[in-house]
Structure formats: C-alpha cells, structure tokens
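The values are calculated or read from the model by the stated rules, or taken from the named source; none is laboratory data. None of the values given here were measured: they were computed from a predicted structure. Cβ placement follows ideal geometry from the backbone for every residue including glycine, while neighbour counts extend to all protein chains displayed. Accessible surface areas use protein heavy atoms only, side chains included; no ligands, DNA or RNA. Shrake-Rupley method; radii C 1.70, N 1.55, O 1.52, S 1.80 Å.
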Amino acid sequence: MWNYNPNDYTEQDFPTVPAGDHRVRINDVALKTFSSGNEGFEITLDVSGYNSKLWFYLVFDPSDTKKTNQRIGQFFESFAITDNDLSHFRAWIGKIGGVRVKMDTYNGEERPKVAFCLARRNQEKLPAWKGDAPAATMQNAAPAGNFRDLGDDEELPF
C-alpha cells in the first residue's frame, strides 16, 4: 500500500489553451469504442508552449465512410503520417502537426476543443515546437554502425 505524503502535493496551474492555431505533438493514441457504438481513436495532444493537453477523436462512422476517410486523411496530412495502415497507430506518437482550437461550452464552462487538423501548408506560420524533444521520434537515436563488438563474454563487466 502507498504511504501518501500530503506535503509532496502542490496545486498545479494548467493555463487554458486559447482559441486559434497551435503546433501540437501526439502524446498518446488509444483505440476506443465511443458512446455512439462506433470505434475510433482517442488521441492525446501536447500543445507547444503550454503545460496542457487537448484531445482529438477520430471516429469511424460506417454510415458515412467518405466523411470518415476525409477526416482521417486530414489528420494524416497534418501530422505527415504516410503509413495508411491504421493498425500502426502506436507509431503516430511523437509526430508533430497543427490544429485549430475553438472554445466550447461544457457544463457551463468554456473549454478548448480541437475543431480540426491544419493542413501542412497552413502550419508554416506556426512557431516551431517548444518544449521537450518529441519522445517517439528517432532524432536522438544513435546512428547505425556506432556499435563495437565486445568479443568474448570475458570483456563484459558482469
């Protein structure tokens, strides 16, 4: 059992993401069944310059395949996803794109909501990503061939 120490708790302030266009990074993707009964993805987004998250939903609506495919295509284009196989959704984590945020009233409170994904050409005026490096990208990976053969097990330190 965990021994909770209330002295370790400090209230955190998460500023509201304002309406407008924002650079975002995919933090997580979960396959989900929505209250409509339709399946799709719940995509958690980090917002550049903010310590807040947004959620974007790709819902697969079998009654309107054209609209569903259009929305998926806009998402793929915004985040430069070239692999059209939806089963590879974990590879989307770390991808950077852009979204338009609008304010929506929920339980009497104004909250930011993703209206749509921005096309790449409409992201040119957005500032570069601010914050920690994208977690799932390979930009910090060691280059291939940067390894040496240790030879026998005798050289191993354990």
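Couple of notes before you dig in:
- Residue selection: N7 fails the criterion of being touching a residue at least 24 places away in the same chain (Cβ under 8 Å), open to solvent by 20 Å² or more (accessible area, probe 1.4 Å) and on the phi < 0 side of the Ramachandran plot.
- In segment 18-49, of all residues being under 15 Å from the mean Cα position of the chain (by Cα) and among the polar types (S, T, N, Q), the one that is farthest from G131 (Cα to Cα) corresponds to T44.
Conditions tested, residue by residue: (1) within 20 Å of K102 (Cα to Cα); (2) modelled with pLDDT under 90.
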position: Y9; (1), (2): no, yes
position: Q12; (1), (2): no, yes
position: P15; (1), (2): yes, yes
position: D21; (1), (2): yes, no
position: I26; (1), (2): yes, no
position: F34; (1), (2): no, no
position: K53; (1), (2): yes, no
position: F60; (1), (2): no, no
position: K67; (1), (2): no, no
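- Here I72 qualifies as farther than 19 Å from P127 by Cβ and open to solvent by less than 50 Å² (accessible area, probe 1.4 Å).
- Listed conditions (1) out of contact with any Gly (no Cβ under 8 Å at 6 or more places or on another chain); (2) open to solvent by 40 Å² or more (accessible area, probe 1.4 Å); (3) of a type in the set (V, I, T) are all met by V47, apart from (2).
- Residue ID - nearest to the chain's Cα centre (by Cα), chosen from residues in segment 68-90 that are in a helix (DSSP H, G or I) and among the small types (G, A, S): S78
- One residue stands out in segment 109-125 among those that are in a loop (DSSP other than H, G, I, E, B) and under 17 Å from the mean Cα position of the chain (by Cα): the one that is nearest to I43 (Cα to Cα), namely L118.
- Residue in segment 98-108 that is within 19 Å of L45 (Cβ to Cβ) and under 12 Å from the mean Cα position of the chain (by Cα) present: yes
- Residues of segment 10-35 satisfying the condition of being assigned to a loop (DSSP other than H, G, I, E, B), open to solvent by less than 80 Å² (accessible area, probe 1.4 Å) and either among the charged types (D, E, K, R) or in contact with a strand residue (DSSP E or B) (Cβ under 8 Å, 6 or more places away or on another chain) (or both): V17, P18, A19, F34
Quick grid of which residues meet (1) open to solvent by less than 50 Å² (accessible area, probe 1.4 Å); (2) touching a Gly at 6+ places or on another chain (Cβ under 9 Å); (3) within 23 Å of A19 (Cα to Cα); (4) touching a residue at least 24 places away in the same chain (Cβ under 8 Å):
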{"position": "N38", "(1), (2), (3), (4)": "yes, no, no, yes"}
{"position": "W55", "(1), (2), (3), (4)": "no, no, yes, yes"}
{"position": "L58", "(1), (2), (3), (4)": "yes, yes, yes, no"}
{"position": "K67", "(1), (2), (3), (4)": "no, no, no, no"}
{"position": "F76", "(1), (2), (3), (4)": "yes, no, yes, no"}
{"position": "D83", "(1), (2), (3), (4)": "no, no, no, no"}
{"position": "G97", "(1), (2), (3), (4)": "yes, no, yes, yes"}
